[in-house]
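Encoded as structure tokens, the structure appears first; notes follow it.
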Amino acid sequence: MAGLPLPMIPHPITLFFIVFFAFSPSAKAAQFSVLSYGAKPDGKTDSTKAFAAAWAHACASTQPATISVPKGSFSLGQVRFQGPCKNRAILLRIDGTLVAPSDYKVIGNAKNWLIFEHVNGVAVSGGTLDGQGAGLWSCKNSGKGCPRGATSLEFTNSNNIAITGLASLNSQLFHIVINGCQNVKVQGVKVSAAGNSPNTDGIHVQSSTGVTILNSRIGTGDDCVSIGPGTSSLWIENVACGPGHGISIGSLGKESQEAGVQNVTVKTATFTGTQNGLRIKSWGRPSNGFARDILFQHAVMNNVQNPIVIDQNYCPGEKNCPGQVSGVKISDVTYQDIHGSSATEVAVKFDCSKKYPCTGIKLEDVKLTFKNQPAEASCSNAGGVASGLVQPTSCL
Ligand SMILES: *[C@@H]1O[C@H](CO)[C@@H](O)[C@H](O)[C@H]1NC(C)=O
């Protein structure tokens, strides 16, 4: 090596600091700890106003901002994190647990517990949200006049959002809702609620484009992921679901004028003891809605009641739709490499609209068993092709 000219690179430690200060988001971010606004990590002091004040300052900051929530338990009523803000990089870093009021009536009619509206460039990282929903569930399960409940965390009309490493427990209603958003990344999230808790969907996406859900584990009483009207370019990968009602596109077609769902990929998902696996569901009534360009790839079913299902005759309580057919057009849906066990005889069910049959359904390498025997398939008004090994034998 002697005699070779030394290249002009900075010393490694200098280099570390250059990189650190150039790319570490916290290096230049203004810091807002909820403690300095009066929040108390004691699990009983109401910290709602402190969180709202920390948000107001972070949102008014002209430089990137970090709101930090240290370890401990923070009691919170409804908090509205409202934009637009003066900067496009706010990190809410949670090390502790946010706890909803134990009396479900306090936020039960508020629709949301924690809601971000009209924000751009917000990340929520870490932490636990405890919705304390059990009281409301038992009210609902015993059928008395109960409030509808509050979604634990919602982003609405917002862009460039990240939710990372968050745990959501026992929401009164949906755990996480993404509504009217663009470019959202949900990663490493854990949702858990009882298998018999009503309407506690894990992650609900609607009217949104470019949402990605990765590496998450969802066990709840309703859909693990539900995909509503107006969703496009949704990517779901590496999700474990159970208990729950599966990953569900729908219910669609409740309204006569409704935005469609398109370009949805669900890749590498595991369903354990769930009511459904991969479901598309629409109301049996007129609508201009649609679902198209859907890919379900690499799914494992463990004792799932309806592993693959399209149900276009949804009509709870047989009210406002008897005798009507779904207007929702379902086309180009691919099921690729789906295997495992069904808890019922019919593992593949395509019950499509009489007026608008499903078209372009593809089954490729599907193998589903019932009690270690090939399961059955049932089709009505469904067209498409099967290739590779397909068991149960395709009825397309
Ligand atoms: C479909 O969605 C993916 C993200 O899931 C996106 O990368 C791709 O561009 C979309 N395709 C179209 C045609 O919109």
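The values are calculated or read from the model by the stated rules, or taken from the named source; none is laboratory data. Here the structure is a predicted model, which is why all the values come from computation and not from measurement. Ideal geometry is used to build each Cβ from the backbone, glycine not excepted, and the neighbour counts take in all protein chains shown. Quick note on the areas: whole protein, heavy atoms, side chains included, nothing else; ligands and nucleic acids left out. Shrake-Rupley method; radii C 1.70, N 1.55, O 1.52, S 1.80 Å.
Check which residues have an amide H placed less than 5 Å from VAL333's amide H, if you skip close sequence neighbours.
For VAL333, the qualifying residues are ILE294, ILE361, LYS362.
Helix 12-23 against the longest principal axis of the chain: what's the angle in degrees, Cα atoms only, rounded to the nearest 10?
Tilt relative to the chain: about 60 degrees.
Counting only protein heavy atoms, what percent of the accessible surface of region 9-222 is carbon or sulfur at a 1.4 Å probe? Intermediate values should be presented prior to the final figure.
Values: 5150 of 9390 Å².
About 55 percent, which is the carbon plus sulfur part of the accessible surface.
With 20 Å as the limit, write out which pairs from LYS86/LYS190; LYS190/LYS281; LYS281/LYS319 have Cα-Cα distances beyond it, or answer none.
With Cα atoms farther than 20 Å apart: LYS86/LYS190; LYS190/LYS281.
Charges only on Cβ, +1 for Lys and Arg, -1 for Asp and Glu: so what's the dipole of region 9-222 about the Cα centre, in debye to the nearest 20?
Working: 17 positive and 9 negative charges, 30 e Å.
Dipole of region 9-222, to the nearest 20 debye: 140 debye.
Along each principal axis of its Cα atoms, how long is the chain end to end? Whole angstroms, biggest number first, please.
75, 67, 40
Using only Cα atoms, locate the centre of region 377-396 and the centre of region 156-183, then give the distance between them in Å, rounded to an integer.
Region 377-396 and region 156-183 have Cα centres spaced 36 Å from each other.
So which trypsin sites (Lys or Arg not before Pro) in region 34-139 pass both tests, a DSSP loop state and at most 16 other Cβ atoms within 10 Å of the Cβ?
Values: sites: LYS44, LYS49, LYS71, ARG80, LYS86, ARG88, ARG93, LYS105, LYS111; in loops: LYS71, LYS86, ARG88, LYS105, LYS111.
Of the trypsin sites (Lys or Arg not before Pro), the ones in loops of region 34-139 whose Cβ has at most 16 other Cβ atoms within 10 Å are LYS71, LYS86, ARG88, LYS105, LYS111.
Which cysteines does the chain leave without a neighbouring Cys Cβ under 4.7 Å?
CYS181
Between 0 and 90 degrees, rounded to the nearest ten: what's the tilt of helix 48-60 against the longest Cα principal axis of the chain?
That works out to roughly 80 degrees.
Placing one identical point scatterer on every Cα of region 119-262 and ignoring solvent, what is log10 I(q)/I(0) from the Debye formula at q = 0.10, 0.11, 0.12, 0.16 Å⁻¹?
Treating every Cα as an identical point scatterer, log10 I(q)/I(0) equals -0.31, -0.37, -0.45, -0.80.
Could you give the alpha-carbon Rg of region 237-297 over 2.2 N^0.38 Å, rounded to two decimals?
So the Cα radius of gyration is 1.22 times the expected 2.2 N^0.38 Å.
In nanometres, what is the gap between the two model label sites at LYS185 and ASN238, each 7 Å from Cα along Cα-to-Cβ?
Each label point lies 7 Å from its Cα, and together they span 1.3 nm.
Which FRET efficiency, nearest 0.05, do SER33 and ASN288 yield, Cβ-Cβ r, R0 45 Å?
Details: r = 50 Å, r/R0 = 1.11.
It comes out at approximately 0.35.
With point charges of +1 on the Cβ of Lys and Arg and -1 on the Cβ of Asp and Glu, referenced to the Cα centre of region 224-396, which listed residue (SER233, VAL390, MET301) lies farthest in the positive direction of the dipole?
With unit charges placed on the Cβ atoms, the residue in question is SER233.
Quick check: residue separation of LYS44 and LYS319 times 0.36 nm, minus the Cα distance between them. What number comes out in nm?
That pair, LYS44 and LYS319, stretches by 94.6 nm at full extension.
State, to one decimal in nm, how far the label point of GLN82 lies from the label point of THR265, with both points 7 Å from Cα in the Cβ direction.
Using points 7 Å along Cα→Cβ, the separation is 3.9 nm.
For SER341, enumerate residues with amide H under 5 Å from its amide H, sequence gap 5+ or separate chain, H modeled in the peptide plane.
For SER341, whose amide H was placed from the backbone, the distant partners under 5 Å are MET301, ASN302, ASN303, VAL304, THR369.
Could you calculate the FRET efficiency of SER142 with SER380 from 1/(1 + (r/R0)^6), where r is the beta carbon distance between them and R0 is 30 Å, rounded to 0.05? All intermediate terms of the calculation are to be shown ahead of the outcome.
Values: r = 37 Å, r/R0 = 1.24.
Computed FRET efficiency for SER142 and SER380 comes out at 0.20.
Give me Rg over Rh for region 49-179, both radii from the alpha carbons and Rh done the Kirkwood way, two decimal places.
Result: Rg/Rh = 0.99.
Students often get this wrong: which residues of region 337-353 have the backbone nitrogen under 12 Å from the point 7 angstrom along Cα-to-C-beta of GLU364?
Inside the label zone: 337-338.
About the Cα centre of region 104-258, what is the dipole size in debye to 20, counting +1 per Lys and Arg Cβ and -1 per Asp and Glu Cβ, all else neutral?
My answer is approximately 360 debye.
Could you report the chain's accessible area per residue, 1.4 Å probe, as an integer in Å²?
Result: 44 Å² of accessible area for each residue.
If each DSSP helix of 4+ residues adds -39,500 (n - 2.57) and the sum is divided by the residues in the chain, what number results at 222 nm, nearest 500 deg cm²/dmol?
Result for the chain: -2500 deg cm²/dmol, rounded to the nearest 500.
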